[in-house]
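The values are calculated or read from the model by the stated rules, or taken from the named source; none is laboratory data. Only a predicted model underlies this, so the values are computations on that prediction, with no experimental measurement involved. A quick note on method: Cβ atoms are made from the backbone with ideal geometry, for glycine too, and the neighbour counts reach across all protein chains shown. Remember, those area values only see protein heavy atoms, side chains included, never the ligands or the DNA or RNA. Shrake-Rupley method; radii C 1.70, N 1.55, O 1.52, S 1.80 Å.
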Amino acid sequence: MLGISEQTFSSFERAAVANWLESICPRVIASRPDWAREGGIDRIRDTCLRIEAFTKIHNISTDDNFWKLLDLVIAVPHALDQLSPYQQFAIGRQGFSEDLRVNRFVADARHGGFLQIVELT
């Protein structure tokens, strides 16, 4: 087994995120020019980092789902900050496909859910 220190792993991870930002920011600017122009590069980087952290927590890895989440954050800027109980349930459903989880989460974040989770005591 290869031993890697936590500090070395963190530096690899930071470098990977920096490389990813270098590649994704120009794509975001090209595909969403009006939004990019309004907020500038700092907002683009911050938004991309927020989405990256969210996707890491919720095991979301496809490029398509990044763009769905970006469009959600453009429409609802704080959509990733405080999830409702249903949004937490939708995005965290074990055994369901990534696309299904993201689509349900995005729909609920944009339009509100039709379900209420009731805690029985």
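Data table
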read-out: Single unsatisfied condition, Asn59 versus (1) of a type outside the set (A, V, I, L, M); (2) touching a residue at least 12 places away in the same chain (Cβ under 8 Å); (3) assigned to a helix (DSSP H, G or I); value: (3)
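A quick yes/no check of all residues on (1) touching a helix residue (DSSP H, G or I) at 6+ places or on another chain (Cβ under 7 Å); (2) open to solvent by 90 Å² or more (accessible area, probe 1.4 Å); (3) outside any loop (DSSP other than H, G, I, E, B):
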{"site": "Ala15", "(1), (2), (3)": "no, no, yes"}
{"site": "Gly39", "(1), (2), (3)": "no, no, yes"}
{"site": "Arg45", "(1), (2), (3)": "yes, yes, yes"}
{"site": "Phe66", "(1), (2), (3)": "yes, no, yes"}
{"site": "Gln82", "(1), (2), (3)": "no, yes, no"}
{"site": "Gln94", "(1), (2), (3)": "no, yes, no"}
{"site": "Val102", "(1), (2), (3)": "yes, no, yes"}
